[in-house]
Amino acid sequence: MCRHLAYLGPEEPLGRVLMEPPHSLFRQSWAPRRQRHGTVNADGFGVGWYASQDPVPARYRRAGPIWADLSFADLSRVVRSGAVLAAVRDATFAGADAEAAAAPFASGRWLFSHNGAVAGWPDAAAPLVSALPPVELLSLQARNDSAFVWALVLHRLRSGDEADQAMGETVRQLAWAAPASRLNLLLTDGATITATAWGDSLWYRTEPGRSTVVASEPYDDDPLWREVPDRTVLTASRVGVLLAPLEDPAASPALGSARAGAPRSPKEPCR
């Protein structure tokens, strides 16, 4: 459905992270090696990055394939950053939202991407609409499932959830409503990366104290790459990576009682 990547480390030109590796995200737009659904990611792309001393990221998004954008090839040569989130898109459904439907989505210091699909969209997600205040629902900039997933995550962040709680609870909420969904989510604030593996591939590569990359698939054959087990939430920084299991709501019927409700209080323990 998509391929995405987040990088934290020394400042590098965007192209060195996204275009130069032998199996880079750029190459994955037409020749992914581990993509389980779809074959070509030509329905848009986007890159978000953080500049020094500025907590609010910049974004560059387009509705067409990354390989056809000569402006990005030039931009990626000169723009440098130590924190990047990028994605290439294979749209689940055709739509008219153009680049607004392309990740990364953004709000404040956050960048977000979704690799996967909400099964039965939009009908299956209808019970979850009540979890969002009307103004947040009406503020969606795209009508695709990924924009709705981002709205659910963002609402939890604004309500006080930590990033791993917001991501994990949103995945379980959606998996309860639409069990066949693929929900690999990727979130960064420029200092940390939070990701979920739920139905598709996810890998990470870390050099503790220097850099960490989290990606749908490795961009080279370095033996440092490690695969993230399915049903896992990952939390990472430049220091290293932590993995924690995500409980499938199908295995615990009691979880369903909270799926369509509001985010839990920040004082409520993580399930």
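Some notes on this structure:
Residues are listed down the side, and each one gets a yes or a no for (1) open to solvent by 30 Å² or more (accessible area, probe 1.4 Å); (2) farther than 22 Å from Gln35 by Cα; (3) among the polar types (S, T, N, Q); (4) in a helix (DSSP H, G or I):
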{"site": "Arg77", "(1), (2), (3), (4)": "yes, yes, no, yes"}
{"site": "Ala100", "(1), (2), (3), (4)": "no, yes, no, yes"}
{"site": "Ala151", "(1), (2), (3), (4)": "no, yes, no, yes"}
{"site": "His155", "(1), (2), (3), (4)": "no, yes, no, yes"}
{"site": "Ala166", "(1), (2), (3), (4)": "no, yes, no, yes"}
{"site": "Gln173", "(1), (2), (3), (4)": "no, yes, yes, yes"}
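- Among residues of the range 163-184, those that are in contact (Cβ under 8 Å) with a residue 60 or more places away in the chain and closer than 20 Å to Leu234 by Cα, counted: 15
- Tally, over the range 208-232, of residues that are among the acidic types (Asp, Glu), without any contact (Cβ under 8 Å) to a residue 60 or more places away in the chain and either crowded, with 23+ Cβ neighbours inside 10 Å or out of contact with any Lys or Arg (no Cβ under 7 Å at 6 or more places or on another chain) (or both): 2
- Residue within the range 64-75 that is touching a residue at least 60 places away in the same chain (Cβ under 8 Å) and either in a helix (DSSP H, G or I) or buried (at least 16 other Cβ atoms within 10 Å of the Cβ) (or both) present: yes
- If you check Ala260, Ala250 for being modelled with pLDDT under 95, surrounded by fewer than 13 Cβ atoms within 10 Å (Cβ to Cβ) and within 22 Å of Ala117 (Cα to Cα), only one passes: Ala250.
- Subset of the range 12-26 [touching a residue at least 24 places away in the same chain (Cβ under 8 Å) and outside any loop (DSSP other than H, G, I, E, B)]: Glu12, Pro13, Leu14, Gly15, Val17, Leu18, Leu25, Phe26
- For the range 26-63, the candidate set comprises residues that are aliphatic (A, V, I, L, M) and at pLDDT 95 or above; within that set, the residue that is surrounded by the most Cβ atoms within 10 Å (Cβ to Cβ) is Val47.
- Residue match in the range 134-145 (condition: under 17 Å from Leu187 (Cβ atoms) and buried (at least 20 other Cβ atoms within 10 Å of the Cβ)): yes
- Boolean, Leu8 is farther than 25 Å from Asp145 by Cβ, open to solvent by less than 10 Å² (accessible area, probe 1.4 Å) and under 16 Å from the mean Cα position of the chain (by Cα): yes
- Some residue of the range 187-194 being farther than 26 Å from Gly9 by Cα, at pLDDT 95 or above, out of contact with any Ser or Thr (no Cβ under 7 Å at 6 or more places or on another chain) and acidic (Asp, Glu): no
The values are calculated or read from the model by the stated rules, or taken from the named source; none is laboratory data. In this text, all values refer to a predicted model and were calculated from it rather than measured experimentally. With ideal geometry, Cβ positions are generated from the backbone for all residues, glycine too; neighbour counts draw on all protein chains shown. The protein model used for the area step is the full one, side chains on, heavy atoms only, and it has no ligands, DNA or RNA in it. Shrake-Rupley method; radii C 1.70, N 1.55, O 1.52, S 1.80 Å.
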